[in-house]
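Okay, structure first, notes after.
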Amino acid sequence: MLTLLAFVVALGVLIAVHEYGHYRVAVACGIKVLKFSIGFGKPVYTWRLKGKPTEFSIGMLPLGGYVKMLDEREAPVDAGERHLAFNTQPLKARAAVVAAGPIANLLLAILLYSIVNWSGLQEPKAVLASPVAGSIAERAGLRGEELVQQAGFDGESLEQVRSFEDLRWRLTQGALNGRDVRLVVSKDRAAQPLADAPDQPTTEVLLKLGQLNASDADAQLFRKIGILGPWTKPVIGDVMAGSAAEKSGLRAGDLVRRVGDVQIVDGQQLRETIRASVQSGAKPPATGLVQTWQVARSGQLLSLPVTPEVRQEGKTFVGRIGAYVGVPPEFVMVRYGPLEGLWQGVVRTWDVSVLTLKMMGKMVIGQASLKNLSGPLTIADYAGKSASLGWSAYLLFLALISVSLGVLNLLPLPVLDGGHLMYYLWEAITGRSVSDAWMGRLQRGGVAVLLCMMSVALFNDVTRLFG
């Protein structure tokens with residue numbers, strides 16, 4: 001129920017804002033608007049504002065909307081109202097009306113990002129877990145427990161890193177844009193075993209992300225980078241009854257110091273060590289490797305023989321102990337002032353827009369997978385998940401989808417707003433509008449492309465959620 005409600009609210013808000021952009025600018029340009037509809041099909045509710053010619057309605061199918069304006073191309077117009085028709089307006093007015101919808105979505109994204117920035121958001125502290133073996137992070141000299149203070153593209157100025165999510169976003173941009181990223185790091189005091197550990201000097205490392213040739217921002221990308229999550233204490237959480245952890249004598253609250261000859265410094269390293277504890281040579285492996293774990297419990301050090309269970313993930317086999325590994329990371333409050341929060345909202349909207357356009361361009365030329373396209377099922381799934389995390393996460397989700405909707409509608413496809421702007425550009429250059437014959441051909445071609453995109457997105461949804 002939460003997923004459905006969050007999805008319907010998201011669609012309603014994003015569509016209403018988009019169509020209101022068209023409506024508001026049309027009215028400002030002196031165009032008569034006949035109908036403003038959220039949704040298609042039979043109206044379930046209609047109303048009129050006193051003294052206004054526009055009929056407002058909500059349709060049965062909330063998968064879009066439209067603004068119907070007085071237009072001689074659609075129906076005869078009285079001579080006395082011809083000056084109110086859309087098709088008789090100057091080129092700049094028609095272009096402004098068409099562009100207003102996508103722009104409204106981008107402005108909404110700026111507002112939503114700004115609201116979250118102003119209200120503040122609890123995010124994991126930017127302390128790094130142990131890097132994945134052989135990854136870019138490990139080759140750069142990172143070992144875990146580093147606090148990332150600043151980051152930036154190689155050759156550009158460094159900026160403050162406020163949280164792990166801030167760092168993750170910068171790494172995503174660097175990987176997908178083929179840019180190396182510089183980090184200024186120091187050892188985190190909270191991760192040190194001694195409470196009075198001295199402040200550590202900062203060092204600078206270079207993550208060579210340009211060599212990745214990344215096409216997808218997925219979990220495998222971050223495994224290649226080597227930074228999977230923030231630092232957490234290597235503590236055993238809830239232990240499942242009958243699991244390998246229970247059989248080995250592990251208890252909730254045990255702090256793991258060593259596994260075999262390997263010193264354990266954080267939860268991520270412990271999880272990776274457990275995953276890799278599979279006997280080689282067996283097809284499939286029958287058991288995990290027996291290892292001696294050193295754990296701290298109630299002020300005492302204990303040695304326990306632990307034999308992980310083996311589970312299959314795709315074509316590989318990994319170790320499992322049947323217990324939650326690691327505790328929640330340390331969180332920090334990320335909050336901005338009025339002007340800085342607004343500016344950060346503008347910057348994030350711009351960055352997401354540029355990244356979206358680049359990914360679309362890469363998909364067109366085959367450099368990125370079409371699996372990056374998402375449809376209504378995935379959007380609904382993320383709407384429900386974000387809503388369950390709280391209103392800040394839901395607003396961030398709305399902002400992301402609003403940017404995507406704005407950018408998508410600016411693409412030069414004839415059936416979209418960007419396609420109409422393309423017609424107006426032709427008219428501005430040549431001094432004549434696109435002929436009806438060409439308009440029909442382009443519209444049919446645009447519909448075909450859009451249907452293909454929707455089919456691929458829906459296939460990805462089904463594969464991702466039910467495959």
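The values are calculated or read from the model by the stated rules, or taken from the named source; none is laboratory data. The structure displayed is predicted, hence computed values, not measured ones. We place every Cβ from the backbone using ideal geometry, glycine too, and count neighbours over all the protein chains shown. Surface areas here come from the heavy atoms of the whole protein model, side chains and all, with no ligands, DNA or RNA. Shrake-Rupley method; radii C 1.70, N 1.55, O 1.52, S 1.80 Å.
Observations on the structure shown:
- Bins of 10 Å from zero: percent of alpha-carbon pairs in the chain: 4, 15, 23, 23, 16, 10, 6, 3, 1, 0
- Just the protein heavy atoms count here, and of the accessible area of the chain at 1.4 Å, carbon and sulfur take up 60 percent.
- If the Kirkwood radius is taken over C-alpha pairs of the stretch 310-382, then at 20 °C and 1.002 mPa s the Stokes-Einstein diffusion coefficient equals 123 µm²/s.
- Measuring how big the stretch 300-451 is from its alpha-carbon positions, Rg and Dmax come out at 24.3, 86 Å.
- Cβ-derived FRET efficiency at R0 30 Å, K68 paired with A448, nearest 0.05: 0.75
- Residue among I110, H83, F153 farthest towards the positive dipole end of the stretch 79-160, charges placed on Cβ: H83
- One chain, two ends: I365 and T307. Fully extended at 0.36 nm per residue, the span grows by 16.0 nm beyond their Cα-Cα distance.
- Between L206 and Q160, the simple label model (points 7 Å from Cα in the Cβ direction) yields a spacing of 2.7 nm.
- Straightening the chain between V354 and R464 buys 37.1 nm, computed as 0.36 nm per residue apart minus the Cα-Cα spacing.
- Highest-first packing order for the peptide set 75-85, 451-461, 229-239 is 229-239, 451-461, 75-85, based on the mean count of other beta carbon atoms within 10 Å.
- If only the Cβ of Lys and Arg carry +1 and only the Cβ of Asp and Glu carry -1, the dipole of the chain around its Cα centre is close to 700 debye.
- Pairs over the 19 Å Cα-Cα cut-off, from the set K208/K315; K32/K52; K125/K385; K125/K371: K208/K315; K125/K385; K125/K371.
- Probing with 1.4 Å while keeping every protein chain in the model, the per residue accessible area of the stretch 207-359 equals 55 Å².
- Computed FRET value (nearest 0.05) for M333 with V13, which takes r as the C-beta separation and R₀ as 22 Å: 0.25
- Calculated from backbone phi, Karplus (6.51, -1.76, 1.60) coupling profile of the stretch 253-270 in Hz, x at Gly/Pro: x, 5, 9, 7, 9, 9, 10, x, 9, 9, 6, 9, 10, 7, x, 4, 4, 5
- Built amide H within the under 5 Å cut-off of G237, gap 5+: G253, Y324, V325, G326
- Dipole magnitude of the stretch 352-467, debye to nearest 20 (Cβ charges: Lys/Arg +1, Asp/Glu -1, about Cα centre): 260 debye
- Whole-Hz ³J(HN,Hα) from phi, Karplus 6.51 cos²θ - 1.76 cosθ + 1.60, for the stretch 175-184, glycine and proline x: 5, 6, 9, x, 10, 5, 10, 9, 10, 9
- Amide H to amide H, with H built 1.01 Å from N, Q149 comes under 5 Å of V184, V185, S186, counting only residues 5 or more places away or on other chains.
- The H on the amide N of T232, modeled in the peptide plane, is under 5 Å from the matching H of G267, Q268, each at least 5 residues off or on a different chain.
- Ellipticity estimate at 222 nm from DSSP helix runs (n ≥ 4, -39,500 (n - 2.57)) divided over the chain, nearest 500: -14500 deg cm²/dmol
- The residues neighbouring G101, those whose beta-carbon lies less than 12 Å from its own, together hold a net charge of -1 under the Lys/Arg +1, Asp/Glu -1 convention.
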